[in-house]
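J.: Questions regarding the structure given below will be posed in turn.
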Amino acid sequence: MSLLKKFISFTSLTLKRFIFTATLIVSIVTFLTVVTTLTWIFLKQTEDISASTSFSMANRISHLVTEAMEKGKTLAEMTDTIDEYKRFIPNRYTIAILTGKGNKTESGNTIANKPVQKAFSEGVYSRLRTIKGLEYAYPLKAETKCLGCHTGAKSGDVLAVLSIKEETKGLRNSFLNEFFTLFLILLPIPFIMSISVSRFVNFHLGDAVGKLDQKIRSVNSMGDLTDLEAELENEEYRFRELEDIFNEFTKFINRIKGLAVGKEMLEFEIRVLERFIITSETIRDWKERVSHLLNEVNTVMQAYMIFCVFQIEEESYDIEIFWASPPSDKTMQIMDELVRQRISHEKLCISEITEIKVIHNIVNPNVSQLDLNQSEIEFQTKSLFMEKPQIGGVVGIGVQSQTVADPIRSLVINGILTTMLNVVGSIKAIYKYTKDLEYYATRDPLTDLYNQRLFWELLGYEIGRADRHQESFGLLMIDLDNFKHVNDLFGHIIGDKFLSKAALTIHECLRKGDILARYGGDEFTVILCESSEEQVYMIADRIRGALDHMEITAADGTIIRGSASVGMAMFPMHAQNAKDLFLFADNMTYRAKAMGRNCIILPSSEDVSDVFEKSSEMSRLLLQVIEEKRMIPYFQPIVSTGNREIICHEVLCRIEIGDKIITASEFIEIAEKLSIISKLDSILMEKVFKKIQETGYEGLIFINLSPKSLILKEFVPMVIGLARKFQIQHDHVVFEITERETVKNMTLLEKFVLDLKLEGFKFAIDDFGSGFSSFQYIRRLPIDFVKIEGMFVRNMLTDTKDMSFVKTLSILAAEFGIQTIAEYVEDEALLNAVHALGIDYAQGFHTGRPMPNFSTGATKTASYGAVEQRP
């Protein structure tokens, strides 16, 4: 059985082998069957002829015996007659007449021959085939005329039996010799027939299968599969069965084309996605990226153009069309009209006053001109539009291609378009927001003046310039009098209007080249370049007088007048570095307020020594506090804007001097100047971790750190050691990176942040939006949270610029996958507003004041007014 299985397996290995083997087996079986049948027929006919011959011989001998008996001849005479007859027949025949009674001959011997016995006993003809030949026994029965001689017999009794034996052995041997000779001669016929039939079948069937195999092996793409389908449809076949099989195979190819996506299409889509990984280069050169994409598309399909639609303003759209080759004027005009029609049909905000600007970009200007008619463009344009403008104002992206009718390619194009819609939209949005942020990183959004950060940079630059040229300049610190009263009495809208008016008034009093900045709140600073003390005082007095005459009208008609206290300092007379110079001017402002406001303090030599003496006293006290570890951590709750639950706290540093608790704003600059800020951070962190361990607090804890603390090589081991000592979970600690000090070596800061990140700690950017370096942080560092600058949050309900800025920062953070926290949340309306913008968490006096202990439960609803949120 196993041999049969092996044989079947061997012969079924190839179609040619199977056909040859099957044909050979059929031929051999047919040949043997035919030979065997013919042999049997021949032997049967030979036997029949022999029987007929012996029958004739028996009749003749019976006739001779009867004649001899009628003549009265004896048995010996009859034997002679029979012998005479034998001379006329072949020698292979033996004839004998046997007489006897029952089973005995006349001599008394028992008859052993079965045919003879049967002839005697039954009186019928009998035949027997033996190895030597054939034996026939014919009974000789008594007739009426025989009863005269055979008195004891009756009519019909068997008187004798005629035995005729034919020896066929020689004849058979001769036949078999001739048969085997002929068999050997004819034996190759089955093999010849097998070879001929298999070659014939293989020529027709194998040729078709071979062609199909060759064609299938040549398929390497969806295009090759389409060509194969066309070839199979035009092919002619000799057999109907083959035609049916190939027709079904053609249908199978068509089904595959409906399900499969070509390798080149997938590779193309991967290349497209790789090209649109959002990086700073992608944002900067987004048009170049789209141009490159169009060239990539043309490597796998013919595409003429890509267009992008951006909603710039409420009633303004920009359409960027990227052409693979220069279009003719007619083609460009048709495309303009077509795109405009598509926009109007997509349920967009299109009206009679809508401004649509079409911008054409030629990707390959040196190739031949493209000339298309309207029917081609309409049929070949593939577009994907969204009902609402996506981020960045993208409302539609389309690819015009001759192969858009292909369902598989159309599916891939749709996927690419969806990716482009999101990616190009994000790139455009980030590009726009980055431009805005670059501007507002140095500008105050309310007054459009320089902000505090740029003020410090410009002050440092002016000190260096004046020192090189041996010149003097003045610094003015302007504090608006009673601004808090105006803000509280008339509201934030009037307060913002008052600040804007004050900024404009101050600016009108300055010379060209003087630098005006909003330092924060109601404070302004002015750098008066190349000025003597008299000039500085004159300008300061002009500013004070202008502000004293400034008026704005409230909604109820009330006239609000302004005034300001002005402090001044001179370089290099009063200080030789930026911090000391600012400290001196700030102290002069406090003195002006103390003297009744609306005045200017002209510093004296005693003022110089007094200011720095007080500064030295604070430095001494601060060093003593650090030595005695008299820092006290306060905890301000941060709540979820959704369910208003307190989920984390920010740590705020306080120091204890005598019976007073002093906020960080009063000593932080001195700590930075003394270079003890890192020591202060580590002591505060130790006390916070200890507090967490004692109370079992399980929420997140936000800890403010200076970037300069992070880059100290001992800082990371110190943090890990404290966390291990007090059993603090690393992922519950969020370090807030502040911008009190700038870090020149950003790569080093990045390394230390990554080291802590790998340990499981989290990071947040504090005062996000107040300076441009914070955007460098989110671009290069693994940031988890950003805390949106409270200056923007506080006025967002009354100032559209602040609202736009907060929204922009929120969207930008979401693009980077960073959670957001709004600072300076002062009332319920503001809390609801930040929640509506998708900001995750809120912090401010409305959600909870800083306290020495952790808060629990939901936020309270009381409002505490416009006060500093994080002292």
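J.: Tell me, what ³J(HN,Hα) does each residue in region 179-191 have, in order and in whole Hz, if you take phi through Karplus 6.51 cos²θ - 1.76 cosθ + 1.60 with θ = phi - 60° and put x for Gly and Pro?
T.: Karplus values, whole Hz, x for Gly and Pro: 5, 5, 4, 5, 4, 5, 5, 8, 4, x, 4, x, 5.
J.: Continuing with this model, one more query. Pop out the carbon and sulfur fraction of the accessible area of region 745-808 as a percent, whole number, probe 1.4 Å.
T.: Values: 1250 of 2340 Å².
Carbon plus sulfur share of accessible area: 54 percent.
J.: Grab the Cα-Cα distance for Leu602 and Ile356, subtract it from 0.36 nm times how many residues apart they are, and report the gain in nm with one decimal. All intermediate terms of the calculation are to be shown ahead of the outcome.
T.: Details: separation 246, 0.36 × 246 = 88.56 nm, distance 5.84 nm.
Residue separation times 0.36 nm, minus the Cα-Cα distance, leaves 82.7 nm.
J.: Considering only protein heavy atoms, with the full assembly of protein chains and a 1.4 angstrom probe, order Tyr317, Tyr590 by accessible area, largest first.
T.: Values: Tyr317 0, Tyr590 130 Å².
Largest accessible area first, the list is Tyr590, Tyr317.
J.: With every protein chain kept in place and ligands, DNA and RNA left out, what is the accessible area per residue of region 435-588? Probe 1.4 Å, answer in Å². Could you put the intermediate results ahead of the total?
T.: On the way: 6600 Å² over 154 residues.
So region 435-588 comes to 43 Å² accessible per residue, rounded to a whole number.
J.: A further question follows. Once you place label points 7 Å from the Cα toward the Cβ at Asn853 and His730, how far apart are they in nm?
T.: So the label points at Asn853 and His730 sit 3.3 nm apart.
J.: How many angstrom lie between the C-alpha centres of region 495-568 and region 469-485?
T.: Cα centroid to Cα centroid, the span is 9 Å.
J.: Please turn the phi angles of region 41-56 into ³J(HN,Hα) values with the Karplus equation 6.51 cos²θ - 1.76 cosθ + 1.60 (θ = phi - 60°), one per residue in order, whole Hz, x for glycine and proline.
T.: Karplus-based 3J(HN,Hα) across region 41-56 equals 5, 4, 5, 5, 5, 4, 5, 5, 4, 4, 5, 5, 5, 5, 5, 4 Hz.
J.: Among 621-628, 177-184, how do they line up from the highest to the lowest mean number of other beta-carbon atoms within 10 Å? Write down the numbers at each step before the final one.
T.: Values: 621-628: 15.2, 177-184: 11.2.
Order by mean packing, descending: 621-628, 177-184.
J.: With point charges of +1 on the Cβ of Lys and Arg and -1 on the Cβ of Asp and Glu, referenced to the Cα centre of region 426-520, which listed residue (Leu516, Ala441, Asn451) lies farthest in the positive direction of the dipole?
T.: Ala441
J.: To the nearest 0.05, how large is the calculated FRET efficiency for Lys593 and Thr663 if R₀ is 22 Å and r is the Cβ-Cβ distance?
T.: Numbers: r = 19 Å, r/R0 = 0.87.
That gives a FRET efficiency of 0.70.
J.: Same structure again: Heads up, I need the accessible area for Arg544: 1.4 angstrom probe, whole protein in place, Å², nearest 10.
T.: Around 50 Å² of this residue is reachable by solvent.
J.: Using a 7 Å offset from the Cα along the Cα-to-Cβ direction at both Thr46 and Lys512, what is the distance between the two label points in nm, to one decimal?
T.: Going by the 7 Å Cα→Cβ label model, 14.1 nm.
J.: Given R₀ = 45 Å, FRET efficiency for Tyr439-Thr226 by Cβ-Cβ distance, to 0.05?
T.: Working: r = 54 Å, r/R0 = 1.20.
Given R0 = 45 Å and the Cβ-Cβ separation, E is 0.25.
J.: Next question, about the same structure. Give me the number: length gained by fully extending Ser375 to Thr418, i.e. 0.36 nm times residue separation minus the C-alpha to C-alpha distance, one decimal in nm. Show your work: numbers first, answer last.
T.: Values: separation 43, 0.36 × 43 = 15.48 nm, distance 2.55 nm.
Here the segment from Ser375 to Thr418 would lengthen by 12.9 nm.
J.: How high is the FRET efficiency from Phe179 to Leu266, r the C-beta distance, R0 51 Å, rounded to 0.05?
T.: Working: r = 72 Å, r/R0 = 1.41.
It comes out at approximately 0.10.
The values are calculated or read from the model by the stated rules, or taken from the named source; none is laboratory data. This structure is a prediction, so every number in the text was calculated from the model and none was measured. Methodologically, a virtual Cβ is constructed for each residue, glycine included, from the backbone with ideal geometry; neighbour enumeration extends over all protein chains shown. Protein only, heavy atoms only, side chains kept; ligands, DNA and RNA dropped before computing areas. Shrake-Rupley method; radii C 1.70, N 1.55, O 1.52, S 1.80 Å.
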